[in-house]
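Quick notes on the structure that follows.
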Amino acid sequence: MIIERAYVSAVPSDEDEAEWPWSVPCVRGLLADGLRLTAPVTYLVGENGSGKSTLVEALAEGFGLDSWGGSHDWRYASHRPKSVLGERIRFDAAPRGRHMLGSWRARKGFFLRAETALDALDREGFAPDAVSHGEGFLAAFRGKFLHPGLYVMDEPEAALSFTSCLELLGHLDRLVRSGGQVICATHSPLLTALPGADIVEVGDHGMRRTTWDELALVEHWRRYLADPRSYLRHVLD
Ligand SMILES: Nc1ncnc2c1ncn2[C@@H]1O[C@H](COP(=O)(O)OP(=O)(O)OP(=O)(O)O)[C@@H](O)[C@H]1O
Ligand SMILES: [Mg+2]
């Protein structure tokens, strides 16, 4: 592990705390208590609009990855200023992460952001014109998810089939065995089932740790797969 806690000390004096991103409950949680990372893989789970992307983008930026996605090398090519939140994120290093957090140059990692993934993969030489959306993601996992570093992902399952999601879990497992760390926003019951992963539920309450069995999305999927009609009757005429 590289990071054991992320936090923000205070809302900057020239910022309105009633406005985004400071108004998002999980950002308030980050301000109040920080976010402890207790396992090499942390999933952020929550409803649409709960703040997962706001959080993962800021964490990626805070670490030195470009908020539009790509690997640590891209940081030197991009002139995009950091967001107001990303600029203020601080990290407490895990014992084995001190070297990497100690210097910007030593920081390695990759940010996979669904909306701009194809752009990022193109820059990284994965020629997305020649491959499908999911194939591009798989190429990135195979070619980039190799070295210890911080790997931040925002809903990677959006592009992936069931089998490809399983392949991703294999890559994540290898990554963390080699000293890497993963922070992933997701709606996937498959990805969150990774043994040993930490699951943080993001919502109006802010952030709280939970388990796979307690996740509402897991229960919904169980019931839906067992009997789709029990849900469909509420939305179809
Ligand atoms: N650039 C922005 N400016 C203002 N508000 C924003 C911005 N980006 C997101 N928001 C708002 O912040 C809240 C959290 O959005 P965010 O994209 O982080 O949610 P999310 O949990 O990633 O949702 P989803 O599951 O749909 O991806 C939402 O209310 C959203 O409208
Ligand atoms: Mg999102």
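The values are calculated or read from the model by the stated rules, or taken from the named source; none is laboratory data. For clarity, every value in this text was computed on a predicted model and none was experimentally measured. Cβ sites come from the backbone with ideal geometry, for glycine too, and all protein chains shown count toward neighbours. Side chains are part of the model used for accessible areas, which takes the heavy atoms of the whole protein and leaves out ligands, DNA and RNA. Shrake-Rupley method; radii C 1.70, N 1.55, O 1.52, S 1.80 Å.
Per residue, how many Å² of accessible area does the range 3-211 show with a 1.4 Å probe?
Numbers: 9450 Å² over 209 residues.
Accessible surface, normalised per residue, equals 45 Å².
Where does the chain land at 222 nm, in deg cm²/dmol rounded to the nearest 500, when only DSSP H runs of n ≥ 4 count, each adding -39500 (n - 2.57), divided by all residues? Mind showing how you got there, number by number?
Working: 8 runs with 78 residues, N = 237.
Using -39500 (n - 2.57) per qualifying helix, the result is -9500 deg cm²/dmol.
Would you kindly work out the equivalent ellipsoid of the chain from its C-alpha gyration tensor and give its semi-axes, the square roots of five times the eigenvalues, largest first in whole Å? Numbers along the way, then the final one.
On the way: eigenvalues 146, 108, 63 Å².
Working from the Cα gyration tensor, I get semi-axes of 27, 23, 18 Å.
Give me the net charge of SER164's neighbourhood, meaning all other residues with Cβ under 10 Å from the Cβ of SER164; Lys, Arg count +1, Asp, Glu -1. It would help to have the intermediate numbers written out before the result.
Values: positive: none; negative: GLU135, GLU157, GLU167.
Value of the local net charge: -3.
About its Cα centre, what dipole magnitude does the range 83-210 give when the only charges are +1 on Lys and Arg Cβ and -1 on Asp and Glu Cβ, stated in debye to the nearest 20? All intermediate terms of the calculation are to be shown ahead of the outcome.
Details: 15 positive and 16 negative charges, 176 e Å.
Once rounded to the nearest 20, the dipole reads 840 debye.
Suppose R0 equals 25 Å. What FRET efficiency, 1/(1 + (r/R0)^6) with r the Cβ-Cβ distance, do HIS147 and ARG90 give to the nearest 0.05?
Values: r = 24 Å, r/R0 = 0.95.
Calculated transfer efficiency: 0.55.
Might you report the magnitude of the Cβ-based charge dipole of the range 1-157 about its Cα centre, with Lys and Arg at +1 and Asp and Glu at -1, to the nearest 20 debye? Spell out each step's value before the answer.
Values: 18 positive and 23 negative charges, 187 e Å.
Dipole about the Cα centre, nearest 20: 900 debye.
When the accessible area of the chain is split by element with a 1.4 Å probe, what percent falls to carbon and sulfur? Before the final figure, lay out each step's value.
Working: 6110 of 11870 Å².
Accessible surface attributable to carbon and sulfur in the chain totals 51 percent.
Name the residue farthest towards the positive end of the dipole of the chain from the options ALA130, LEU232, ALA60, assuming +1 on Cβ of Lys and Arg, -1 on Cβ of Asp and Glu, about the Cα centre.
Result: ALA60, furthest along the dipole toward the positive end.
Report ³J(HN,Hα) in whole Hz for each residue of the range 26-31, in order, from the Karplus equation J = 6.51 cos²θ - 1.76 cosθ + 1.60 where θ = phi - 60°; Gly and Pro get x.
6, 6, 4, x, 5, 5
Which FRET efficiency value, to the nearest 0.05, is calculated for LEU225 and ASP204 with the Förster distance at 35 angstrom and r the Cβ-Cβ distance? Write down the numbers at each step before the final one.
Numbers: r = 28 Å, r/R0 = 0.79.
Computed FRET efficiency for LEU225 and ASP204: 0.80.
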